[in-house]
Structures are given as structure tokens and as C-alpha cells.
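What follows is a set of notes on a single structure, which appears directly below.
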Amino acid sequence: MKKIAVLFHSGVGVTKKVANNIAANLSENHDTEIFSVEELQREFNPNVYDGFVIGFPVIHAHPSDGILNFIGKLDRLDKPKPAYLFTTCGWYSTNSLRIFAKHCIQKNIEPVIHRDFWGCPATDGVFKQAPNAKEIIKILGIQDRGY
Ligand SMILES: Cc1cc2nc3c(=O)[nH]c(=O)nc-3n(C[C@H](O)[C@H](O)[C@H](O)COP(=O)(O)O)c2cc1C
């Protein structure tokens, strides 16, 4: 069974909920561990994993500081490992995934697939405009108020 680390930074919890959901699905057929990058222990060894899921929110059209701090401090992996990158954002992830992917490649983490979950609730106003709000509502497990 492949060993996967789901790593996330989350400000107010949206990215955490998406990461939890992904980890729960992966754990059905992968040896899955999930970590908040802010709570990672010094003993965390990325080399023991076969692959990664890494998620972060878009903040001012950029990857969040929390995820950039994490990748900046990470030691380069002994050998290349694949990763699925995702962002959550209110409206538009701009170049966030591309910016973060460049940091990953420097650390021998090779993004192979990515996704932005947009329409995530920074405010109810953003939520109302989001065409994919129903999908986000389902992932977050919150009540659909008919937006
Ligand atoms: C200070 C701040 C700046 C943000 N900047 C953007 C942005 O540039 N583009 C965007 O689409 N969403 C933006 N958002 C919305 C967040 O990316 C979105 O709500 C995200 O899901 C929050 O994830 P979190 O709960 O894990 O922190 C911003 C939110 C905050 C609080």
C-alpha cells in the first residue's frame, strides 16, 4: 500500500476541511497521514512517503505564508516524489499553484496534478456568486442555504 502524506496550511479552516476530506477518501486504499504544516514535528521525514497531497489557501493572489514557510524550510528529498497540489480560494487562484509548484520542484517534489477549489467562503457574498458553491458545501459538510 502506498504511503501518502496530506499536508495543508489553513487560516480559518476551509483548506483543512478539504484536506480532511481528501485524506478520508485516500485512506480507503492508501496508508494516509494528514498534517497541518504549522504543527509538523521536527521528526517529520518526507522521504518515507511515496507521494504527497499539499493544500493551501490563496491569500492576496499568492500561496499563503504558512505553506511558503513550510516548503522553504523543508529539506530537499532524497529522490523525486509526486504530489497533488490544491488551493482553496474565494474566486480566482491566479498563479498561486504555479508559484508553489516551482518551490516544490526545488525540493524534489514533483507536482503531477492540481486543482483549485474556488468559491470557498471568505464571505457569504463570495459564496453566493460561486457557480460551484454546491460542491464546496458538500465537501465542507455544511448546510446548503440555497445559494
Ligand atoms: C486576507 C485574505 C486574502 C484573500 N485573498 C484571496 C485572493 O487573492 N483570491 C481569492 O480567490 N481568494 C482570496 N481569499 C479567500 C481565501 O483564499 C479562501 O477563503 C480560502 O478558502 C481560505 O482558506 P482557509 O480557511 O483554509 O484559510 C482571501 C482571504 C483572506 C482572508
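For segment 3-140, the calculated P(r) over all alpha carbon pairs, in 5 Å bins from 0 to the bin holding the longest distance, is 2, 11, 21, 24, 21, 12, 6, 3, 1, 0 percent.
Counting every other Cβ atom within 10 Å of each residue's Cβ, Glu28, Glu38, Glu110 order from fewest to most as Glu28, Glu38, Glu110.
Within segment 22-82, list the trypsin sites (Lys or Arg not before Pro) lying in a DSSP loop whose Cβ has at most 15 other Cβ atoms in a 10 Å radius. Kindly include the intermediate steps, with their values, before the conclusion.
Details: sites: Arg42, Lys73, Arg76; in loops: Arg42, Arg76.
Here the sparse-neighbourhood loop sites are Arg42, Arg76.
Measure up Lys16/Lys107; Lys17/Lys81; Lys3/Lys107; Lys73/Lys102; Lys81/Lys102; Lys2/Lys102 against 21 Å on the Cα-Cα distance and list the ones that go over.
Working: Lys16/Lys107 23 Å; Lys17/Lys81 24 Å; Lys3/Lys107 19 Å; Lys73/Lys102 15 Å; Lys81/Lys102 14 Å; Lys2/Lys102 25 Å.
Going by Cα-Cα distance, Lys16/Lys107; Lys17/Lys81; Lys2/Lys102 fall outside the 21 Å limit.
For segment 3-140, what is the charge dipole size about the Cα centre, in debye to the nearest 20, if Lys and Arg each add +1 at the Cβ and Asp and Glu each add -1 at the Cβ? Please report the intermediate quantities before stating the final value.
Working: 15 positive and 14 negative charges, 65 e Å.
With Lys and Arg at +1 and Asp and Glu at -1, about 320 debye.
The numbers here are math on the coordinates, done by the rules we state, and not lab data. These figures come from a predicted structure and were not determined experimentally. So basically every Cβ, Gly included, is an ideal-geometry build from the backbone, and we count neighbours across all protein chains shown.
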